[in-house]
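A short write-up of the structure that comes next.
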Amino acid sequence: MGAEVITVSTDTKFVQLAWQREEKMLKDVKYPMGADPTGELSRMFGVYDEKTGLALRGTFIISPEGKLLNSEVNFYNMGRNIDELMRKFKANLHLATHTEEGCPSKWKEEGDKTLIPSPQMVGKVYEAYEGK
Amino acid sequence: MNEICCELGLQVGQGVPNFKLDTFEPTKGDFGEISLETLKADKKWTILFFYPAAFTFV
């Protein structure tokens, strides 16, 4: 999908190897599994739980220039929606080359309506979005 | 659960300092290494997907 997806936990790479080999749900996983046993990277992104030594369910999108553009953190017991991650990633790609535009909440993929903020749009987002 | 679990990390808009990770590469069945420096040099977007522990759901 045009991005390097890296899954990261505070396990060692040996544990990750064992898990990937054992768990049938992971048989098709192609992403590199990053090992952060010291918690250094997890701390950098604010997802390291000092009490448990585990990383919360954080998702971060970093541009090719190295800028953090999206940040989402769920507590332990909630899984993530991959469709929303893909939506954010595609919106980033669009906005990287259309810097004057904005992708509203309903924007899903290339070709969907974007907004260009202007004085005329103030208080008239509905009309601009619906084309009325 | 009123206790704060984590120290504040990077905020959106900030530059991410270089980092390096040991990896297991399922496609190669081998260990590897990945760094933000290399990803930036390759002009790649990076998505970091943290999860609490192996042998749990994502």
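The values are calculated or read from the model by the stated rules, or taken from the named source; none is laboratory data. Predicted model only: the values in this text are computed from it and were never measured. Positions of Cβ are backbone-derived with ideal geometry, glycine not excepted, and every protein chain shown enters the neighbour counts.
Restricting attention to segment A:32-42, and to residues there that are under 19 Å from the mean Cα position of the chain (by Cα) and over 11 Å from residue B:50 (Cβ atoms), which single residue is surrounded by the most Cβ atoms within 10 Å (Cβ to Cβ)? Checking each candidate, the answer is A:33. Taking segment A:1-22 as the range and being surrounded by fewer than 18 Cβ atoms within 10 Å (Cβ to Cβ) and more than 7 Å from chain B (Cβ to nearest Cβ) as the test, the residues that pass are A:1, A:12, A:14, A:18, A:21, A:22.
Does residue A:71 satisfy the condition of being out of contact with any Asp or Glu (no Cβ under 9 Å at 6 or more places or on another chain), closer than 21 Å to residue B:36 by Cβ and at the interface with another protein chain (Cβ under 7 Å from one of its Cβ atoms)?
Taking the combined requirement at face value, the residue satisfies it.
Residue A:47 meets the conditions (1) surrounded by 20 or more Cβ atoms within 10 Å (Cβ to Cβ); (2) in contact with a Lys or Arg (Cβ under 9 Å, 6 or more places away or on another chain); (3) closer than 21 Å to residue B:32 by Cβ in every case but one. The failed one is (3). Return yes or no: is residue A:79 among the small types (Gly, Ala, Ser) and either in contact with a strand residue (DSSP E or B) (Cβ under 9 Å, 6 or more places away or on another chain) or surrounded by 15 or more Cβ atoms within 10 Å (Cβ to Cβ) (or both)? Against the criterion (among the small types (Gly, Ala, Ser) and either in contact with a strand residue (DSSP E or B) (Cβ under 9 Å, 6 or more places away or on another chain) or surrounded by 15 or more Cβ atoms within 10 Å (Cβ to Cβ) (or both)), residue A:79 qualifies. Would you mind stating whether residue A:21 is of a type in the set (Lys, Arg) and either more than 27 Å from residue B:27 (Cβ to Cβ) or touching a residue at least 12 places away in the same chain (Cβ under 8 Å) (or both)? Judged against the criteria, residue A:21 is not a match. For segment A:45-83, a residue qualifies if it is over 20 Å from residue B:6 (Cα atoms) and of a type in the set (Asp, Glu), and the qualifying residues are A:65, A:83. Residues satisfying the criterion are present in segment A:106-113 (criterion: at pLDDT 90 or above and either within 14 Å of another protein chain (Cβ to nearest Cβ) or under 15 Å from the mean Cα position of the chain (by Cα) (or both)).
Kindly indicate the residue of segment A:17-31 that is under 21 Å from the mean Cα position of the chain (by Cα) and under 23 Å from residue B:36 (Cα atoms) and also modelled with the lowest pLDDT among those meeting that condition. The selected residue is A:29. The residue list B:13, B:32 contains one member that is outside any strand (DSSP E or B) and surrounded by fewer than 20 Cβ atoms within 10 Å (Cβ to Cβ), which is B:13.
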